[in-house]
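Student: After the structure tokens below, expect a handful of questions from me.
A short reminder: the numbers here are calculations on the coordinates, not readings from a lab. All figures in this text were calculated on a predicted structure; none of them were measured in a lab. Heads up, the Cβs are rebuilt from the backbone with ideal geometry, glycines too, and the neighbour counts pull from every protein chain shown.
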Amino acid sequence: MLIDKTVKDFLTELASDSPAPGGGSVAALSGALGASLCGMVMRLTHGEKYASVSEEVAHIMEEALKLQDFFIKSIDADTSAFNELMGCFKLPKDTDELKKVRSASIQVATKKATLIPLSVAENCIHLIKLTKKALIIGNPNAKSDGKVAIACTHAAFFGAVYNVEINLGSINDALFVGDIEAKIKVMKDELTSLKLEF
């Protein structure tokens, strides 16, 4: 599994001529980094000085931990979905029936490979909101760490969206495509409304 590799080994594999892991896994990794930093900011926000916000700090810390776990799992899930899709392209197509089976399998696998980064993007919006709150109530000495968390999560969001959008061009289900495009628009509008500062 990718998450069990050292940082150096992961980067070496990422830089190889293998198409996976690729941008989708990197987007998930960026989200995990953002969640980890958000959690760190909250762990540094403790003591009598922050007693009035201790409940909110605990909530953000708990949510950040859940998101960290989600993003970590998504690193391998994205690569697995891509490999599954590539496997579908290798299915036999010697007869019309086999061609239909292969085509249907490709469509199913492409949808799966689309929904994973879509979920990453959705969770990035949630994490950015949490981190903005963390910056407001958190230890000011960790402000730069919170900003890096937002920067990582912002990159994760667009990285995930890019992977969604490139897959949509290969999907024949117009209703599915339209629904995903609408969700992406809502998320982009919401991200704009957050007025992020870097």
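Student: Among Tyr162, Thr114, Ile137, which residue has its Cα positioned farthest towards the positive end of the charge dipole of region 97-198, with +1 placed on the Cβ of Lys and Arg, -1 on the Cβ of Asp and Glu, and the dipole taken about the Cα centre?
Tutor: Of the options given, the answer is Ile137.
Student: Now, a different point. Dividing the alpha-carbon radius of gyration of the chain by 2.2 N^0.38 Å (N being the number of residues), what value is obtained?
Tutor: 1.18
Student: Here's another thing I want to ask about it. Kindly express, to the nearest 10 degrees and within the range 0 to 90, the angle between helix 23-43's C-alpha long axis and the longest C-alpha principal axis of the chain.
Tutor: The two axes meet at around 20 degrees.
Student: Another question, then. Can you give the charge dipole size of the chain about its Cα centre, rounded to the nearest 20 debye, using +1 on the beta carbon of Lys and Arg and -1 on the beta carbon of Asp and Glu?
Tutor: About 240 debye.
Student: Stretch Lys183-Ser103 to full length: gain in nm at 0.36 nm per residue minus the Cα-Cα span?
Tutor: So the chain would gain 26.2 nm between Lys183 and Ser103.
Student: Can you tell me the 0 to 90 degree angle between the C-alpha axis of helix 96-137 and the longest principal axis of the chain, rounded to 10?
Tutor: Result, in degrees: 10.
Student: Can you pull the semi-axes for region 25-82, root of five times each eigenvalue of the Cα gyration tensor, sorted largest first, whole Å?
Tutor: Whole-Å semi-axes of the equivalent ellipsoid: 30, 9, 5.
Student: Let me ask you something else. State the extension gain, in nm to one decimal, for the chain segment bounded by Leu194 and Ala58, taking 0.36 nm per residue of separation less the distance between their alpha-carbons.
Tutor: My answer for the length gained is 46.7 nm.
Student: Taking the Cα centre of region 94-198 as origin, work out the dipole magnitude from +1 charges on Lys and Arg Cβ and -1 charges on Asp and Glu Cβ, in debye rounded to 20.
Tutor: Value, rounded to 20: 440 debye.
Student: Right, next: Could you give the C-alpha radius of gyration of region 45-119 expressed as a fraction of 2.2 N^0.38 Å, taking N as the number of residues it contains?
Tutor: Cα Rg divided by the expected 2.2 N^0.38 Å: 1.91.
Student: Return one number: the angle in degrees, 0 to 90 and rounded to the nearest 10, between the long axis of the Cα atoms of helix 174-193 and the longest principal axis of the Cα atoms of the chain.
Tutor: Helix 174-193 sits roughly 20 degrees off the main axis of the chain.
Student: Give, in whole angstrom and from largest to smallest, the semi-axes √(5λ) of the equivalent ellipsoid of region 109-157, with λ running over the eigenvalues of the Cα gyration tensor.
Tutor: 28, 9, 5
Student: Cα-based Rg (one decimal) and Dmax (whole number) for region 3-53, in Å?
Tutor: 16.7, 53
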